[in-house]
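Remarks on the structure that follows.
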Amino acid sequence: MLAIVLGVTVLTFSLMHFTPGDPAEMIAIARYGMEDLTQEGIEWIRIQEGLDAPVWVQYGRWLNHVIHGDLGRSLIDGGLVSKDIMYRFPATLQLALASMIVSLVIAIPVGILSAVKQNSAMDYLGMTGALIGVSMPNFWLGLLLVLFFSVYLGWFPVCGKGGIEHLILPVVTLGTGMAAITTRLTRSSMLEVLRQNYIRTARAKGLAEKLVIGKHAFKNAMIPVVTIIGLQFAFLLEGTVIVETIFAWPGIGRLLVDSIFARDFAVIQGCALVIATIFVLVNLAVDISYAYLDPRIRYERRA
């Protein structure tokens, strides 16, 4: 976990410093505007922010601050990076939880029914919907929803964060796309489990079909499903860049995009660190959940 997080920060730091353009000049423009921009001012900012040092020296300084619990200050407005991230994170968490709930409410029942009623009208309808959902880009669906429900009908706000009415369109945009992937995986995993001998044995013993599906089949089919759910939730928590930008949702994804355009290295590095940490922690939680879902899986040290 530590190696992955460290590798992500090194890669992000390197890429940002090797992109075209002078970061000191962009910071000067963001702070003082084009009219008051002078070469002396640019050089002063370069020295003040430590941008005149080699890349590895800048990274070493940043890492030293992180070890001591300091993510630094924004190069643009001087605000604490940790404060900016914590201010944006609740909005991203709200969007992630709502989208995940919508996704699971759609995906799990449809996936199970499609597997149990394989090759039926229900199966074909569910898989057609899943195919459409997988093929449809989020940005295109989001724009269509805004155009139809906000511009034409006026039912929901176009963008921004407020009451539940502001949450519906971005949640539908994210939730339906994730539901399509989870539905297909749930169906294929359930079909594989339903063909196992222990399912036939359970049915031969006269167990109710609901008990066979719910207790024996579904739990054993959940391992690959939990994996993709964990990855999707981590993706949501790191900030859905496109959707947050379309709906002007004040989350981490939008903060990261704004920081990239402004070349605010401190905020970019802070966001990258938080995103990498979220991913490895969610993956750890998913790995631990395997032992609960399948008692045959145990994590122990062997001599």
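The values are calculated or read from the model by the stated rules, or taken from the named source; none is laboratory data. Remember, predicted model here, so these are calculated numbers, not experimental data. Quick reminder, even Gly has a Cβ in these numbers, built from the backbone with ideal geometry, and neighbours come from all protein chains shown.
Points worth noting:
- Looking at the stretch 59-175, the helices (runs of 4 or more DSSP H) lying wholly inside it that each contain 1 or more residues that are among the acidic types (Asp, Glu) and not assigned by TED's automatic domain parsing to the domain that holds residue 266 sit at 81-116.
- In the stretch 213-225, of all residues being crowded, with 17+ Cβ neighbours inside 10 Å and modelled with pLDDT of 75 or more, the one that is nearest to residue 168 (Cα to Cα) corresponds to 225.
- Single residue of the stretch 208-250 satisfying the filter (of a type in the set (Gly, Ala, Ser) and farther than 30 Å from residue 85 by Cα) that is farthest from the chain's Cα centre (by Cα): 208
- The residue list 4, 29 contains one member that is at pLDDT below 80 and either outside the structural domain of residue 251 (by TED's automatic domain parsing) or in a helix (DSSP H, G or I) (or both), which is 29.
- Which listed residue, of 150, 135, 120, 114, is in contact with a Lys or Arg (Cβ under 6 Å, 6 or more places away or on another chain) and either over 24 Å from residue 237 (Cβ atoms) or β-branched (Val, Ile, Thr) (or both): 114
- When the stretch 80-95 is limited to residues that are of a type outside the set (D, E, K, R) and in contact with a Lys or Arg (Cβ under 8 Å, 6 or more places away or on another chain), the one that is surrounded by the most Cβ atoms within 10 Å (Cβ to Cβ) turns out to be 81.
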